[in-house]
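Student: This is the structure I have questions about; it appears just below.
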Amino acid sequence: MKKFKHLTILGVWLRTITILPCIMLLTLPLAAQEDSTDVNGVTIESVASDQPLSNSAPTASKSPDTGNTAWMLTATALVLFMTLPGLALFYGGLVQSKNVLSVLMHCFTIACIASIIWVVCGYSLALTEGGEWIGGTERLFLNGLTADSLNGDFPESVWIVFQMTFAIITPGLIVGAFVERIKFSAMMIFSGLWLLIVYVPACYWVWGGGWLAKAGVIDFAGGIVVHATAGASALTIAAMLGKRQGFPKSLRPPHSPGLVMIGAAMLWVGWFGFNAGSAAAANGSAGMAMLVTHISAATASLVWMFVEWKQTGKPGLVGIVTGMVAGLATITPASGNVGPMGAIIIGATAGIVCYFACGIIKEKLNIDDSLDVAAVHGVGGILGTLMVAFLGVEGTFGGQGINLDTAGDQFIVQAKGCLAAIALSVVATYIIVKITSVLTGGIRVSEEDETMGLDQSSHGENGYNIQ
């Protein structure tokens, strides 16, 4: 009976992600607009209505730039490397040994689900021309895409898969909030719906030409689109799901700090594709983004380590690598506008603020955000999004792109973008959890299964077979 129950749940989930895009399409404006918008450094221009839409002007007579194409192919592989295996191993090492396989399974499954949704409707709704709130329908099922379709001066197919890797890692980040206690079927349904209802609109608002892009918000590589949305949703679902057994006093430490460090190191390497790849070209902007990304990560790592050393009496491996992730998340939205000195300021701020945010969420708010997604990614992404308004000022700590006279106005725009992403994420996550709970008979595993561990109870496997 259990097997048939799972098949029924899977059927419900498949029907849900098939029907939902159709419902959304009923409200979409089908007429293409004629403005142009900057998305991650790439100009999107409208094309004639009888031509297939792409994120560039008509390019029938152009040839792809081989250098830019090679870099974007490399950056795409690096961003996927962040999730598989980077994030999976980072999260996997942080949980108990009886739950390590469930975390790996979550990350891998989300990568598959997000890839299919992105091809079916995600890319079209997120990154092609539409109205104020959602993109167009011209690229549903990647209709009209050919090997010759270009995005700027490199193949549109490369742009699609590059952005797909962002759509993969963003719901993957939320896994850290509900590890060790969520049903696998609930995780699948939640992740699919969240990608459609939260990530796709937020992506369009900021990068696809939506209302925040028109307001002039700066988010070079995902402080709002990726980190603010994932962080706010992580805090919401963690509060709704409830605490793990033994929280907060009797929780066991990470079962494999070594695995945590290996996964974190992969994230650090992969993040170069994440940030530098968002320049969408092999140019000076990509080079500077790579440099400031590295500086921020290194600074935040050391600052976190010293703060923890002062607070606990010992510097820890898990602490220093968590600081690195905080530095990476915080520099992400600003990596296209700040210089090296600005990166040091951002990294140092991230190391301090995100460290104490972890304690506030778990001790003051009493929310079991298991692997500190909200404190590290949410707080970090928002912090970097706000700081770019001042550290990106031309002539200030090597900043570029923002005029000193408009820094205050830019800060207001940045804050508006963060608030919009948080509001969308919290409200939508609450609704999605309620829907998922109805479809799965509750999203949390039983006490018995939680005690046994999700590796055995959900997947019938063990992470380690020691004889």
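The numbers here are math on the coordinates, done by the rules we state, and not lab data. Just so you know, these numbers come straight off a predicted model, no measurement behind them. No Cβ is skipped: glycine too gets one built from the backbone with ideal geometry, and neighbour counts run over all protein chains shown.
Student: Please say if segment 105-222 is rounded, prolate or oblate, where rounded means a/c under 1.5 for a ≥ b ≥ c the square roots of the C-alpha gyration tensor eigenvalues, and otherwise the choice is prolate for a/b larger than b/c and oblate otherwise?
Tutor: Values: a/c = 2.05, a/b = 1.50, b/c = 1.37.
In terms of gyration-tensor shape, prolate.
Student: List the residues, sorted by chain then number, that are 5 or more residues from Phe154 or on another chain and whose placed amide H is less than 5 Å from its amide H.
Tutor: Asp65
Student: Related question: Relative contact order (percent) for segment 63-451, with alpha-carbon contacts under 8 angstrom and 6 or more residues of separation? If you can, show how the numbers build up before the last one.
Tutor: Working: 778 pairs, mean separation 86.8, N = 389.
In percent, rounded to a whole number, it is 22.
Student: Further question: Taking amide H positions as placed 1.01 Å from N in the peptide plane, with prolines and chain starts having none, which residues 5 or more places from Ile402, or on another chain, fall under 5 Å of its amide H?
Tutor: It is Glu394, by chain and number.
Student: Now, a different point. So how far apart, in nm, are the two label points at Met341 and Val269 if each is 7 Å from Cα heading toward Cβ?
Tutor: So the label points at Met341 and Val269 sit 3.4 nm apart.
Student: Further question: Alpha carbon centre of segment 330-397 versus segment 148-183: separation in Å?
Tutor: If we compute the Cα centre of each part, the gap is 22 Å.
Student: In addition: Please report how far the C-alpha centroid of segment 99-132 lies from that of segment 231-259, rounded to the nearest whole angstrom.
Tutor: 24
Student: Between rounded, prolate and oblate, where does segment 66-116 land on the alpha carbon gyration tensor, with a ≥ b ≥ c its root eigenvalues, rounded for a/c under 1.5, else prolate if a/b exceeds b/c? Intermediate values should be presented prior to the final figure.
Tutor: On the way: a/c = 6.27, a/b = 2.28, b/c = 2.75.
Oblate, since a/c reaches 1.5 and b/c is not below a/b.
Student: Over 31 Å between C-alpha atoms is what I'm after, so list which of Lys214/Lys434; Lys183/Lys364; Lys98/Lys362; Lys62/Lys416; Lys310/Lys416 land there. Walk me through the numbers before you get to the answer.
Tutor: Values: Lys214/Lys434 33 Å; Lys183/Lys364 27 Å; Lys98/Lys362 23 Å; Lys62/Lys416 39 Å; Lys310/Lys416 36 Å.
Exceeds cut-off: Lys214/Lys434; Lys62/Lys416; Lys310/Lys416.
Student: Along segment 83-94, what does the Karplus equation 6.51 cos²θ - 1.76 cosθ + 1.60 (θ = phi - 60°) give for ³J(HN,Hα), rounded to whole Hz, x for Gly and Pro?
Tutor: Ordered by residue, 3J(HN,Hα) equals 7, 10, x, x, 4, 4, 6, 4, 5, x, x, 7 Hz.
Student: A further question follows. Pull out a ≥ b ≥ c, the square roots of the eigenvalues of the alpha-carbon gyration tensor of segment 63-451, then state rounded if a/c is under 1.5, prolate if not and a/b is larger than b/c, and oblate in the remaining case. Before the final figure, lay out each step's value.
Tutor: Working: a/c = 1.57, a/b = 1.17, b/c = 1.34.
It comes out oblate by the Cα gyration axes.
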